[in-house]
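Handing you this structure, nothing more for now.
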């Protein structure tokens, strides 16, 4: 849903802000994908044309994949594109629509608990890796700090927790007619 649609629907300001931040992290993730494509292309060209690969490409790619997932997941959930099976919900929606709402709320609460646990467990590791200067790679060839990847897990995970909460909020606003 675009910001214009959110505003037209009269969504509360916190939900609109959450959507904007989620969209921004999604754009950062997409930019990172584009950058990785260029980096890998230059690495392949350098390796094949000049016999000189770019140092650290495997490490950069492995760190970036995790970052991309956590940067793009909040917008994926917001857009309703998070993979899940809806066969049971579809079957129940015609006979017991209230049960579908309860099940969707439970799904979102479990999502909040799982992602909240991931964020909670990652936070101390982020601080420790930042303080110690933990890195991947080989000294003298290529090194990259690991804390930025942990930071994307914390930020993206926290946004995902908020998007799960936002889904519950939106569902109940719509059910009570607060959203058109």
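What's the exposure ranking of 42, 50, 70, 142, going from fewest to most Cβ atoms within 10 Å?
With the fewest neighbours first, 42, 50, 70, 142 line up as 50, 42, 142, 70.
Compute the relative contact order of the chain as a whole-number percentage, counting only Cα pairs closer than 8 Å that sit 6 or more residues apart in sequence.
This gives 29 percent for the chain.
Using label points projected 7 Å from each Cα along Cα→Cβ, tell me how many nm separate residue 39 and residue 121, to one decimal.
2.6 nm
OK, next. In the stretch 129-164, whose amide N lies under 17 Å from the spot 7 Å out along Cα-to-Cβ of residue 86? List them in ranges.
164
Counting pairwise Cα distances across the stretch 1-116, what percent come out greater than 18 angstrom?
Tail of P(r) above 18 Å: 67 percent of Cα pairs.
Sticking with this structure for a sec: Order of 150, 94 from fewest to most other C-beta atoms within 10 Å?
94, 150
Continuing with this model, one more query. In deg cm²/dmol, rounded to 500, what helix-only [θ] at 222 nm does the chain give when every DSSP H run of at least 4 residues adds -39500 (n - 2.57) and the total is split over its residues?
Taking each H run of at least 4 residues, the total per residue is -27500 deg cm²/dmol.
A short reminder: the numbers here are calculations on the coordinates, not readings from a lab. All values derive from a computational prediction rather than experimental measurement. Note that we place each Cβ from the backbone using ideal geometry, even for glycine, and neighbour counts take in every protein chain shown.
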